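> Mind looking over this structure? Questions follow.
Just so you know, all these numbers are worked out from the coordinates, no wet-lab data involved. The model shown is predicted, which means the values in this text are computed figures rather than measured ones. Quick reminder, even Gly has a Cβ in these numbers, built from the backbone with ideal geometry, and neighbours come from all protein chains shown.
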Amino acid sequence: MARERFLIKGLGGAQALSGSIAVKGAKNAALKALASSILFEDGITLNNVPDIEDVKRMNDILSALGVVVSNKKEGEYALSVPGTLATDLPVDLAQKMRASIVLTGPILSRFGKVSFPHPGGCVIGERPIDLFLSGFEAMGARVTRESDRYTLFVPDGRLSGTSIFFKKPSVTATETLIMAATLAKGETIIKNAAREPEIGILADFLNSCGARIRGAGDANIYIEGGGLLSGVRDVFHTPSDRIETGSFLILGALAGVNFEIKNCNPKHVEALTEILRQVGVAVDVGKNSIMLSKNAHPSSLTSVDIETREYPGFPTDLQAPMTVFLTQTSGQSLVFETIFEGRLSYVEELVRMGADIKALDPHRVIVRGPKALKGREMESPDLRAGLAFVIAAIVAKGDSVIHNVYNIDRGYEKIEERLRGVGVDIKRIGP
Ligand code: EPZ
């Protein structure tokens, strides 16, 4: 599968896409809900789960620990959790996916011990785990590290609630410590917590199953620890993926007319819709859909500076598609990536396609547009930059080949089928 590739016939700047494209369930919500199964005495059921590689990887790890995972029907999973589980995350599986780190919270709080390798994942820069480790230590865990493996144990078996301050708001550290605190003794307060929508969605689900979490979605979160949760009380409905929504919106603004994004939550992408409106895109927001009817050509849109920020700011996961967009608008834009330091290296490939992009430092590039892009053969470096290359290839003149489609499949379910539905000429070619 790693050797599959996409063949895309570019539109040469024409706005020829139209119709509706549906957004799937959010990867970064589903992964955390799957991990939360370990907090349950019985198990959980999830629906609207996207059929993507990262969900398979998370389920492979849960199965290796002893959770029984069954895929009831399309998008629906039932996980049943036995009384004991293995507590060592397998190296090969955990290193393939950064999100595996969220399992450490529920395992440690339920079983008093966990061991795991330094997590792997996308090539978007150094990904420290100090906030997780110091949070667990503050709750009473002892941490040792031998070569690349961390071993944590709680001397009296159960974590204790405490006050934790994050020097930076981290999404997965917030989710992991919420889950750890759910089974801890007493109250935990997480200060300067991340506020991404997936955190409130996870907390609401856990609360509906017996947890006591207040303030998720705000900077201070209060968790009153208690016993195991029960999954008979509710089903986790995976919300729509806001990054997919934003990526389709950018694609529509570049190459669409009468282009509708369905099954989405427009409130989760306001940072993007606001910027698109500011540069001149007519964005028509419904309750669960966004319509782009009378699109101006991107060359008649003005450029704009963007700066990635924690939610509700402009998401780092939309930075790459937005940079493609800015290669087509008129004028100069500064793209400032404030969250990760390795997340702009893909721009070299856009330059080879004809874009005018100058790197100022690892966090900032200047984009000058509009510049016609030419189709190329390229490699998907990670899932978000991979989708940005798909968008660039659609806009470009001529054919493109995108290798390493596996990296795109990690986060986007059958993307080529959905893109074909709005008129993109894209084929998946086997090894
Ligand atoms: C989550 O990653 C998402 N992943 C990422 O999605 C997303 O890009 C990112 O949040 C930011 O929105 C999942 O939800 C699985 P962070 P996460 O910890 O939690 C620093 C995608 O493509 N930090 O919020 O790993 C860190 O270096 C991806 O789907 C520490 O310093 O990101 C960064 O500068 C990739 N110490 C900042 O915090 C720590 O212990 C925010 O990162 C942890 C993080």
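> Using only Cα atoms, what Kirkwood radius does the chain have, in angstroms?
Over the chain, the inverse of the mean reciprocal pair distance is 22.2 Å.
> If you wrap a convex hull around the Cα atoms of the range 320-384, how much volume per residue is inside, in Å³?
75 Å³
> Label the range 177-329 by shape, choosing from rounded, prolate and oblate, from the square roots a ≥ b ≥ c of the eigenvalues of the Cα gyration tensor; if a/c is under 1.5 it is rounded, and otherwise prolate applies when a/b is larger than b/c, oblate when it is not.
prolate
> Mind telling me which of ALA35, ALA180, ALA86 comes out most flexible in a GNM of the chain, alpha-carbon contacts under 10 Å?
ALA86
> Let me ask you something else. Would you mind computing the Rg to Rh ratio of the range 1-87 from its alpha-carbon coordinates, Kirkwood style for Rh?
Radius of gyration over Kirkwood radius for the range 1-87 works out to 1.16.
> I would also like to ask the following. Arranged from highest to lowest average of other beta-carbon atoms within 10 Å per residue, in what order do the peptides 77-84, 209-216 appear?
Values: 77-84: 16.1, 209-216: 19.6.
Averaged packing, sorted descending, gives the order 209-216, 77-84.
> Select from ASP218, ASP234, ASP130 the residue whose mean-square fluctuation is largest in a Gaussian network model of the chain (Cα-Cα springs shorter than 10 Å).
Between ASP218, ASP234, ASP130, it is ASP130 that shows the largest mean-square fluctuation.
> May I ask you to sort ILE339, ILE199 by Cβ crowding, counting other Cβ atoms within 10 Å and putting the fewest first?
On the way: ILE339 19, ILE199 27.
Placing the least packed residue first, the sequence is ILE339, ILE199.
> Continuing with this model, one more query. What does the charge add up to near GLY140, with Lys and Arg as +1, Asp and Glu as -1, over the other residues with Cβ less than 10 Å from its Cβ?
Result for the local shell: +1.
> Now, a different point. Just to be sure I understand: with springs between alpha-carbon atoms less than 10 Å apart, which residue in SER345, SER147, SER170 has the highest mean-square fluctuation in the Gaussian network model of the chain?
Top of the fluctuation ranking is SER147.
> On full extension of the chain, what length is gained from ASP92 through LYS427, given 0.36 nm per residue of separation minus the C-alpha to C-alpha distance?
Working: separation 335, 0.36 × 335 = 120.60 nm, distance 3.09 nm.
Extending this stretch completely gives an extra 117.5 nm.
> Around GLN278, under 14 Å between beta carbons, what's the net of Lys plus Arg minus Asp minus Glu among the other residues? Each step should come with its number before you reach the end.
Working: positive: ARG277; negative: GLU270, GLU274, ASP305, GLU307.
Taking every Cβ under 14 Å from that of GLN278, the sum is -3.
> Classify the range 375-426 as rounded, prolate or oblate, taking a ≥ b ≥ c as the square roots of the eigenvalues of its Cα gyration tensor: rounded when a/c is under 1.5, otherwise prolate if a/b is larger than b/c and oblate if not.
oblate
> List, largest first, the extents of the alpha carbons of the range 286-431 along their principal axes, each in whole Å.
38, 35, 31
> Next question, about the same structure. How much of the DSSP beta bridge set in the chain is antiparallel, as a percent to the nearest 5?
Roughly 70 percent of the DSSP beta bridges within the chain come out antiparallel.
> Mind checking which of VAL324, GLY25, THR87 is farthest towards the positive end of the chain's charge dipole, using Cβ charges of +1 (Lys, Arg) and -1 (Asp, Glu) about the Cα centre?
Looking along the dipole axis, the top candidate is VAL324.
> Moving on to the next point. Give the order of PHE132, PHE165 when sorted by the count of other beta carbons within 10 angstrom, beginning with the fewest.
Values: PHE132 25, PHE165 14.
Least to most surrounded, the residues fall as PHE165, PHE132.
> Hey, what did the range 288-431 get for relative contact order, percent, Cα under 8 Å, at least 6 apart?
19 percent
> Once you sort the root eigenvalues of the Cα gyration tensor of the range 98-213 as a ≥ b ≥ c, which label holds: rounded (a/c under 1.5), prolate (a/b larger than b/c) or oblate (the other case)?
oblate
> Which of PRO239, ALA193, ILE129 sits closest to the plus end of the dipole of the chain, meaning its Cα is farthest towards the positive end, when Lys and Arg get +1 and Asp and Glu get -1 on the C-beta?
My answer, from the dipole projection, is PRO239.
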